[in-house]
1. Within segment 325-345, work out how many residues are in a helix (DSSP H, G or I) and buried (at least 20 other Cβ atoms within 10 Å of the Cβ).
2. Are there any pairs, at least 6 apart or on different chains, whose C-beta atoms fall under 8 Å, with the first in segment 369-382 and open to solvent by less than 60 Å² (accessible area, probe 1.4 Å) and the second aromatic (Phe, Trp, Tyr), and if so, which?
3. I'd like the full set of residues that are basic (Lys, Arg) and part of a helix (DSSP H, G or I), limited to segment 392-431.
4. In segment 3-20, how many residues are out of contact with any Cys (no Cβ under 9 Å at 6 or more places or on another chain) and surrounded by 18 or more Cβ atoms within 10 Å (Cβ to Cβ)?
5. May I ask you to verify whether Ala169 is open to solvent by 70 Å² or more (accessible area, probe 1.4 Å), of a type in the set (Gly, Ala, Ser) and under 18 Å from Glu119 (Cα atoms)?
6. Can you pull out the residues in segment 137-150 that are in contact with a helix residue (DSSP H, G or I) (Cβ under 6 Å, 6 or more places away or on another chain) and either of a type in the set (D, E, K, R) or at pLDDT below 95 (or both)?
7. Quick check on segment 344-386: of everything there that is farther than 25 Å from Ala271 by Cα and among the aromatic types (Phe, Trp, Tyr), which residue is farthest from the chain's Cα centre (by Cα)?
Amino acid sequence: MWLERRETWSGHSEDARGAGDVDYARVIHSASFRRLQGKTQILNLGDSDFYRTRLTHSLEVAQIAGGLARQLEQSFPAHPATAHLPDCSMIHAVGCSHDLGHPPFGHGGEVALNYCMREAGGFEGNGQSLRILSRLESFSQNSGANLTRRSLLGLLKYPVSYTQARNSALRPKLSDGPDTLKLIDTEASTPPKCYLDSELDVVDWVLSPLSPEDRTAFCAMGPVEAGKHRKALHKSFDCSIMDLADDIAYGVHDLEDAIALTLLTREDFVAHVSADQIGDFLDMLKGKYPDQFGNDVYGQMLDGLFGGRDTRKRFISRFVNYLITAVEYTEVPEFSEPLLRYRASLPAARRPVLKALKDLVFKVVIKSPNVQQLEFKGQQMVVSVFEALCSDPERLLPRDHQERYAETKGDLRVICDYVASMTDAALLKTYERLFAPRMGSVFDRL
């Protein structure tokens, strides 16, 4: 049942691939996956062939997720959860698809589209990923990429709808700030973590094998907190593997880029990550490489991270290995379905190390003026393009989207899908064609 697809499909008799292989192929051959090469991971890095985009980030998440699954298999061969591990292709499909729905210009673009869709169901990047694979891709007539139920369950990071998770007191709106600029109130316009209400039928199908008790528990939310949206409490087994892989890639590989770009200095690291916070990692280095480290393991680690490219890569690899090899199972006994009952997680001693690295990247890089200014600019361009297209869709939308817009009788979700799919460069070029007097030509290709 978990390998069923929404639309009946069977491969050729000579096709040796399994269900996971087909799902993986459909993800990496999708237009949405290719577009990730033009979407930012930390910030717009131009045409560099070294620094990460969302495409290379997604490939790394998939690789790390595969490593986590195989590590669990090796470390716990007799554990009942091991029999339910996804095969390599299945977890790679989930890892590669987890960021498909992220719009241009990162979080700024997500907030902008949620504001634009404030009266039409909102927008959230994870929910858009599910929408793309279950409805918008072109591998089937009406079911998008028509992936297996298990792959879509692995992608369902937050099994609560937009309407359920939204705090009604946090309605997207403009800022109360300057009168001459229409600025979005980012805090009020940040969407809940959810799936979109438009995909309720897909989620119903994905969760249909569950017992009523399991489904109710799986879709439970945390309590209402003032000034915050409600949060989902659970995720599936495969999703927990992908999510941990995403955290490792974010905390470790984005750290590598930040150092290489000199966005993060040795002094920043020392100021935000103490030796005590990553003491378990330092103990591992001392124990595993006794001939390489003296009394100041922390200082030697910093020398490596902020030295040459080779030494930096060596310590980045050690961080990744330290985290992957420690993965273990946790069990949520309230669930009877194995794909909900078991999760992948880090031991308590290693969680603070990953958290320290993630917090470092967030505070020093993501929240830096350099990145925030680009997000701000991108946010304004996303809103301008969206509103321009809405003003006269029959004139300004591409022809294939005009047809969808007409078929749906003017559903703004069609315009949202189009803008969300754009790469950073395509959004910028569209903005210039629409608003820059000396930019744009009929011969430009978006």
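1. Filtering segment 325-345 for residues in a helix (DSSP H, G or I) gives 338-341.
With the extra rule that they be buried (at least 20 other Cβ atoms within 10 Å of the Cβ), the set shrinks to 339-341.
Residues meeting the conditions: 3.
2. If the second residue must be aromatic (Phe, Trp, Tyr), the pairs left are Leu374/Phe105; Glu375/Phe105; Gly378/Phe105; Gln379/Phe105; Met381/Phe105; Met381/Tyr431; Val382/Phe105.
3. Within segment 392-431, the first condition is being basic (Lys, Arg), and the residues that meet it are 395, 399, 404, 409, 413, 429.
Correct list: Arg395, Arg399, Arg404, Arg413, Lys429.
4. Quick first cut of segment 3-20, residues out of contact with any Cys (no Cβ under 9 Å at 6 or more places or on another chain) only: 3-19.
Narrowing further to those that are surrounded by 18 or more Cβ atoms within 10 Å (Cβ to Cβ): 5-6, 19.
Summing the residues that are out of contact with any Cys (no Cβ under 9 Å at 6 or more places or on another chain) and surrounded by 18 or more Cβ atoms within 10 Å (Cβ to Cβ) in segment 3-20 gives 3.
5. Details: open to solvent by 70 Å² or more (accessible area, probe 1.4 Å): yes; of a type in the set (Gly, Ala, Ser): yes; under 18 Å from Glu119 (Cα atoms): yes.
Criteria met by Ala169.
6. Filtering segment 137-150 down to residues in contact with a helix residue (DSSP H, G or I) (Cβ under 6 Å, 6 or more places away or on another chain) leaves 139, 144-145, 147-149.
Within segment 137-150, Phe139, Gly144, Ala145, Arg149 qualify.
7. By that ranking, first place goes to Phe386.
For (1) open to solvent by 30 Å² or more (accessible area, probe 1.4 Å); (2) in a helix (DSSP H, G or I); (3) at pLDDT below 95; (4) farther than 25 Å from Val27 by Cα, each residue gets a yes or a no:
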| position | (1), (2), (3), (4) |
| --- | --- |
| Thr163 | yes, yes, no, yes |
| Asp176 | yes, no, yes, yes |
| Lys182 | yes, no, yes, yes |
| Val203 | no, yes, no, no |
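The values are calculated or read from the model by the stated rules, or taken from the named source; none is laboratory data. Note that the structure is predicted; figures quoted are calculated from it, not measured. A quick note on method: Cβ atoms are made from the backbone with ideal geometry, for glycine too, and the neighbour counts reach across all protein chains shown. Calculation scope for accessible area: heavy atoms of the full protein, side chains included, ligands and nucleic acids excluded. Shrake-Rupley method; radii C 1.70, N 1.55, O 1.52, S 1.80 Å.
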